[in-house]
Amino acid sequence: MKIRLTLLILSFMSYSWLQAQNPTIIYIGDPMCSWCYGFAPEITKVKEALPHYEFKLVLGGLRPQGTETMADLGGFLEEHWREIEKRTGQPVNYAILKDESFVLDTEPGSRAVVVAREMNPELELEFFKAVQHAFYVKNQDMTKVETFVEIAEEFGLDRTAFEEKFRSEEARYQTRADFQLAAEMGIRGFPSVVVRHNGQLFLAANGYREAEDLLKIIQNIEAEK
């Protein structure tokens with residue numbers, strides 16, 4: 001089932017692309033969201049199967065400025081991660097769950113993606129997936145700028161420029177703008193996929209879906225008159 005979305009406010013000039021008419025896939029997620037990690041291969045397949053669609057990524061804001069630690073969340077997360085690993089085949093390193101001092105703050109990872117997008121918009125999805133890999137496979141610290149600077153270098157982005165932008169208030173503001181945009185779109189869970197067709201917005205997925213199912217939903221949307 002698809003649900004037509006109504007945008008209440010388009011207050012951010014950076015998101016003027018929402019007012020365009022061209023067909024677009026809008027993926028709303030968080031790089032530290034576990035189901036978004038499981039969804040990574042599926043959204044990649046969808047993007048590759050629909051080259052005539054623009055692709056936009058909106059950071060949803062899972063636990064920005066979170067203060068809970070693995071001591072608080074470890075048991076809950078392990079249960080979800082094992083389900084995701086079994087269902088999607090995505091590899092998971094569970095060692096981080098034993099670090100009871102690790103704080104789950106998802107804002108820095110999202111901000112890193114926002115900075116990468118600004119420096120090279122074509123990289124946003126692959127950079128997003130690299131941040132996911134850094135956390136779920138490498139168990140790197142998602143609160144340290146060094147983690148993201150290393151990823152930026154792997155993508156050929158200037159290390160000094162990336163770090164400067166990452167630390168800036170402008171990057172924090174743009175990240176919050178993404179979070180607010182997701183809220184204004186009525187998104188309540190991640191991953192979500194919104195499709196713009198004929199100037200209207202349709203919710204194609206709210207939660208994990210396999211690419212085959214999602215592509216069928218998008219075909220149905222395209223059939224709308």
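Read-outs throughout are calculated quantities, based only on the coordinates presented, and are distinct from any laboratory measurement. These figures come from a predicted structure and were not determined experimentally. All Cβ positions, glycine included, derive from the backbone under ideal geometry; neighbour counts span all protein chains shown.
A few points about this structure:
- Rg [Å, one decimal], Dmax [Å, integer] - the chain, C-alpha atoms: 17.1, 54
- Rounded to the nearest 0.05, the FRET efficiency derived from the C-beta distance between R188 and E163 at R0 = 25 Å is 0.15.
- For the stretch 132-147, the Karplus equation 6.51 cos²θ - 1.76 cosθ + 1.60, evaluated at θ = phi - 60°, returns couplings of 4, 4, 4, 7, 6, 10, 8, 6, 6, 6, 7, 10, 9, 4, 4, 4 Hz by residue, with Gly and Pro reported as x.
- Inter-label distance, E224 to D141: 4.6 nm, where each label sits 7 Å from its Cα along the C-beta direction.
- Pairs of Cα atoms farther than 23 Å apart, the stretch 78-166, %: 26 percent
- Rounded tilt (10° steps) of 169-184 against the dominant C-alpha axis of the chain: 50 degrees
- Backbone phi angles across the stretch 192-205, fed through the Karplus curve with coefficients 6.51, -1.76 and 1.60 (θ = phi - 60°), yield HN-Hα couplings of 10, 10, 10, 10, 9, 9, 6, x, 10, 10, 10, 7, 8, 7 Hz in residue order; Gly and Pro are listed as x.
- Amide proton proximity set for A205, modelled H, under 5 Å, gap of 5+: V193
- Contact order for the chain, expressed relative to its length and based on alpha carbon pairs under 8 Å spaced 6+ residues apart, stands at 33 percent.
- Listed values for the stretch 103-111 are Karplus-derived 3J(HN,Hα) couplings in whole Hz (6.51 cos²θ - 1.76 cosθ + 1.60, θ = phi - 60°), namely 9, 8, 10, 8, 5, x, x, 5, 5, and x replaces Gly and Pro.
- With neighbours defined as other Cβ atoms within 10 Å of a residue's Cβ, the residues S34, S168 order from fewest to most as S168, S34.
- In the stretch 83-112, GluC sites (Glu not before Pro) in a DSSP loop with at most 13 other beta-carbon atoms within 10 Å: E100
- Packing-based exposure ordering (other Cβ within 10 Å, fewest first) of W81, W17: W17, W81
- 25 Å Cα-Cα threshold exceeded, pairs from K129/K165; K45/K98; K45/K144: K45/K98; K45/K144
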